[in-house]
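A.B. asks: Supplied in structure tokens, the structure appears directly below.
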Amino acid sequence: MSYKIYPLGDAAACIDLGNIIDESINKKVIAIRNRLERFSFDGLKDIIVAYSSVSVYYDPILVKKPGLQQATVFDFVRSKLEDAFHQSLIEEHGNSDIFKIPVCYSGACGIDMAFLSKVKKISKEEIIQLHLSKIYRVYMIGFLPGFSYLGKIDEKLEIARKPKPIQVPAGSVGIAGKQTGIYPIACPGGWQIIGRTPLKFFDPGAVMPSRLNIGNYVQFYEISEEEFNDCLVVKDTETKH
Amino acid sequence: MSLSIIKPGLLDTIQDMGRFGFSHWGINPGGAMDRYAAQVANMLVCNDAHEAVIEMHFPGAQILFNQNALIAITGADFSPTINDEKVPLWQPVVVRKNTVLQFPKLISGSVCYLSIHGGICANEWLKSYATNLKVSAGGLSGRPFKKNDEIFFKENSIYYAGLLKEDNNLHVLPWRADVQKTYKFPHEISVIKGNEWDQMTGNSQFDFIENNYIIHPSSDRMGYQLRGSTLQLSSQLEMISSGVNFGTIQLLPDGQLVVLMADHQTTGGYPRVGHVISAHLPKLAQLRPSDCMKFRLADIGHAENLLMEQQRDLQVLARACYDRLKATVC
């Protein structure tokens with residue numbers, strides 16, 4: 001596994017393990033994050049874990065101390081990221097809970113189902129079966145509070161994003177490229193929406209606001225429109241517009 | 001101890017230095033757009049630099065003080081008045097209860113800060129008072145101010161009411177923060193090359209530095225949309241999402257640039273061609289839609305030195321403000 005370290009400005013830096021969606025790379029990402037958390041340094045403010053990269057936000061003023069050996073604060077942070085890469089060990093069975101998530105693919109829930117079926121020349125039933133056929137890894141939480149990037153989907157379902165995002169309701173399940181994901185809150189979204197879950201995935205008041213975490217696994221199961229309406233936790237009237 | 005909102009402004013929110021440590025849940029830092037002006041506002045009234053402040057965009061709110069208060073207004077100049085009497089920016093001011101603060105006219109800048117001695121009582125969410133509008137958390141119930149909102153402030157540690165002369169509605173304390181260094185050459189913004197800088201064509205790299213960019217009206221707290229010459233990559237680049245920061249400049253598929261601002265997402269999938277240096281984020285935050293700007297390249301050592309210098313000046317300022325106020329009220 002190779003890496004590249006580069007600055008994201010003068011107060012953040014990134015260790016990048018390659019522009020690729022890969023389970024073992026994503027496990028290394030978690031290992032680096034865990035190592036940085038355990039062996040933190042003064043001025044480290046936040047760690048952003050993504051598919052194949054770990055970025056750190058830091059306060060250069062707190063990092064810089066008299067006697068700092070490196071020429072710049074970035075050089076010091078780079079050495080910390082290098083250490084974390086070399087010293088971290090992948091935990092094979094880290095945080096690998098499987099979440100079973102109900103999804104309604106019918107009616108108004110699958111906004112873009114008809115479009116997808118037409119473009120991909122696959123029946124709606126087959127799209128659902130393909131989407132249900134896999135256990136997905138949570139590769140990262142990002143973009144929005146609690147938005148989960150899950151992968152990888154069956155190649156037959158791969159489709160481009162919409163040219164312009166549209167407003168989607170909370171719980172919408174979308175696909176884009178090799179990924180599927182759940183919109184935790186009502187917001188503009190560019191993924192093709194094939195279904196919707198009635199469960200709440202982000203609750204600012206909870207001790208753990210995001211239901212899913214990087215490294216978890218997700219398996220979807222189908223529910224009817226009736227079942228969906230019965231257990232809708234986030235009522236449409238409560239969501240923001 | 002409170003103030004009331006007679007009439008809300010365009011977007012008045014409670015902000016602080018941001019919410020850090022929760023990116024793994026996709027929770028972005030948010031916080032004040034102009035963190036320098038917000039810190040100076042706090043320092044002028046002898047608050048901790050991280051205390052919550054009120055951030056306003058033009059038009060600003062109409063605010064009724066229900067009690068005497070020691071305040072400071074910093075950042076953009078919206079020609080503030082107390083009962084129609086002008087209030088200077090960047091100075092501590094004692095205001096009498098039942099007076100009204102207004103912002104009748106836009107003179108310059110984009111975001112204005114109001115600090116109150118003692119600090120504001122706000123909802124703390126994940127170790128920060130910053131308002132997160134997306135999930136309605138932090139600040140004042142996670143939303144902008146509305147008519148008749150009452151915002152409480154914390155207890156005083158300094159007795160300043162005695163400074164108000166008999167009939168005066170306000171008393172301006174005779175010292176001012178010198179912020180010239182931070183805001184000089186307001187349209188020149190230094191950037192560090194981003195990881196995808198080299199993926200731009202030579203002509204586009206040249207255009208990036210040589211041409212002017214205009215801030216589009218669709219810009220907001222999330223990002224500034226820029227309009228200028230169309231930039232190109234030397235080859236098609238499919239990127240998977242990765243970390244971004246306040247000041248990250250992304251090249252969009254249509255060849256235009258967006259600079260991520262305080263409410264930026266934690267991750268993004270567009271090429272990062274540059275990053276605005278921290279010391280110049282306050283200048284950028286004060287640029288308005290239709291304003292023109294120009295990028296200059298800087299190296300990271302220089303950027304770090306500028307930031308250290310800015311921070312040293314802030315520490316000197318904090319000390320001076322504290323000493324003067326203590327000497328005045330005792």
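The values are calculated or read from the model by the stated rules, or taken from the named source; none is laboratory data. Because the structure is predicted, anything quoted here is derived from the model rather than measured. Note that each Cβ is placed from the backbone with ideal geometry, even for glycine, and that neighbours are counted across all protein chains shown.
A.B. asks: Mind telling me which of the residues B:Met239, B:Met222, B:Met200 ends up being surrounded by 12 or more Cβ atoms within 10 Å (Cβ to Cβ), under 23 Å from the mean Cα position of the chain (by Cα) and not assigned by TED's automatic domain parsing to the domain that holds B:Cys321?
C.D. replies: Of B:Met239, B:Met222, B:Met200, the one residue that is surrounded by 12 or more Cβ atoms within 10 Å (Cβ to Cβ), under 23 Å from the mean Cα position of the chain (by Cα) and not assigned by TED's automatic domain parsing to the domain that holds B:Cys321 is B:Met222.
A.B. asks: Here's something else I'd like to know. On the basis of being more than 30 Å from A:Arg211 (Cβ to Cβ), within 14 Å of chain A (Cβ to nearest Cβ) and among the aliphatic types (A, V, I, L, M), does B:Ala49 make the cut?
C.D. replies: So B:Ala49 passes the test.
A.B. asks: Could you please find all residues in segment A:201-227 being more than 15 Å from the chain's Cα centre (by Cα), surrounded by 17 or more Cβ atoms within 10 Å (Cβ to Cβ) and closer than 28 Å to A:Glu125 by Cβ?
C.D. replies: A:Phe220, A:Ile223 - these are the residues of segment A:201-227 that are more than 15 Å from the chain's Cα centre (by Cα), surrounded by 17 or more Cβ atoms within 10 Å (Cβ to Cβ) and closer than 28 Å to A:Glu125 by Cβ.
A.B. asks: Only residues in segment A:9-34 that are at the interface with chain B (Cβ under 7 Å from one of its Cβ atoms) count as the first member; pair them with residues that are acidic (Asp, Glu), Cβ under 8 angstrom, at least 6 apart or cross-chain, and list the lot.
C.D. replies: Correct list of pairs: A:Asp10/B:Glu304; A:Ala11/A:Asp59; A:Asn19/B:Glu238.
A.B. asks: So B:Ile277 passes all but one of these: (1) outside the structural domain of B:Ser241 (by TED's automatic domain parsing); (2) among the hydrophobic types (A, V, I, L, M, F, W, C); (3) surrounded by 20 or more Cβ atoms within 10 Å (Cβ to Cβ); (4) under 16 Å from B:Thr182 (Cβ atoms). Which condition number does it fail?
C.D. replies: Single failed check for B:Ile277: (1).
A.B. asks: Would you be able to tell me the number of residues in segment B:299-319 that are out of contact with any Lys or Arg (no Cβ under 8 Å at 6 or more places or on another chain) and surrounded by 23 or more Cβ atoms within 10 Å (Cβ to Cβ)?
C.D. replies: So the count comes out to 1.
A.B. asks: With (1) crowded, with 24+ Cβ neighbours inside 10 Å; (2) within 14 Å of another protein chain (Cβ to nearest Cβ) as the list, and B:Met33 as the residue in question, which single condition is left unmet?
C.D. replies: All conditions pass for B:Met33, except number (2).
A.B. asks: Could you check segment B:51-99 and list, in sequence order, the residues that are crowded, with 24+ Cβ neighbours inside 10 Å, over 21 Å from B:Arg221 (Cβ atoms) and more than 19 Å from the chain's Cα centre (by Cα)?
C.D. replies: Across segment B:51-99, the qualifying residues are B:Ala69, B:Leu70, B:Val95.
A.B. asks: Among the numbered criteria (1) surrounded by fewer than 20 Cβ atoms within 10 Å (Cβ to Cβ); (2) at pLDDT 95 or above; (3) away from chain B (no Cβ under 11 Å), which single criterion is violated by A:Gly94?
C.D. replies: Every condition holds for A:Gly94 apart from (2).
Condition check ((1) within 15 Å of A:Ala11 (Cβ to Cβ); (2) facing chain A (nearest Cβ under 9 Å); (3) touching a residue at least 12 places away in the same chain (Cβ under 8 Å)) across all residues:
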position: B:Leu237; (1), (2), (3): no, yes, yes
position: B:Ile240; (1), (2), (3): no, yes, yes
position: B:Ile249; (1), (2), (3): yes, no, yes
position: B:Leu257; (1), (2), (3): no, no, yes
position: B:Asp263; (1), (2), (3): no, no, yes
position: B:Pro271; (1), (2), (3): no, no, yes
position: B:Pro289; (1), (2), (3): no, no, yes
position: B:Leu297; (1), (2), (3): no, no, yes
position: B:Leu314; (1), (2), (3): no, no, yes
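A.B. asks: I would also like to ask the following. Looking at A:Tyr51, A:Tyr6, A:Tyr58, can you tell me which residue is at pLDDT 95 or above, surrounded by 13 or more Cβ atoms within 10 Å (Cβ to Cβ), in contact with a Lys or Arg (Cβ under 7 Å, 6 or more places away or on another chain) and within 13 Å of chain B (Cβ to nearest Cβ)?
C.D. replies: A:Tyr58
A.B. asks: A follow-up question, please. Where residues in segment A:167-177 are more than 17 Å from A:Ile128 (Cβ to Cβ) and touching a residue at least 40 places away in the same chain (Cβ under 8 Å), which of them is surrounded by the most Cβ atoms within 10 Å (Cβ to Cβ)?
C.D. replies: Per the criteria, the residue is A:Ala170.
A.B. asks: What are the residue pairs meeting all of these: first residue in segment A:105-131, first residue under 16 Å from A:Ile182 (Cα atoms), second residue among the basic types (Lys, Arg) and at pLDDT 95 or above, Cβ atoms under 7 Å, and 6 or more apart or on different chains?
C.D. replies: Note: pairs meeting the criteria are A:Cys109/A:Arg196; A:Met113/A:Lys124.
A.B. asks: Restricting to strands (runs of 3 or more DSSP E) lying wholly in segment A:1-55: which have 2 or more residues that are closer than 13 Å to B:Ser241 by Cβ and out of contact with any helix residue (DSSP H, G or I) (no Cβ under 6 Å at 6 or more places or on another chain)?
C.D. replies: Qualifying strands (runs of 3 or more DSSP E): A:12-16.
A.B. asks: Take the residues of segment B:156-197 that are of a type in the set (D, E, K, R) and under 25 Å from the mean Cα position of the chain (by Cα): which is nearest to B:Val93 (Cα to Cα)?
C.D. replies: Here the residue is B:Arg176.
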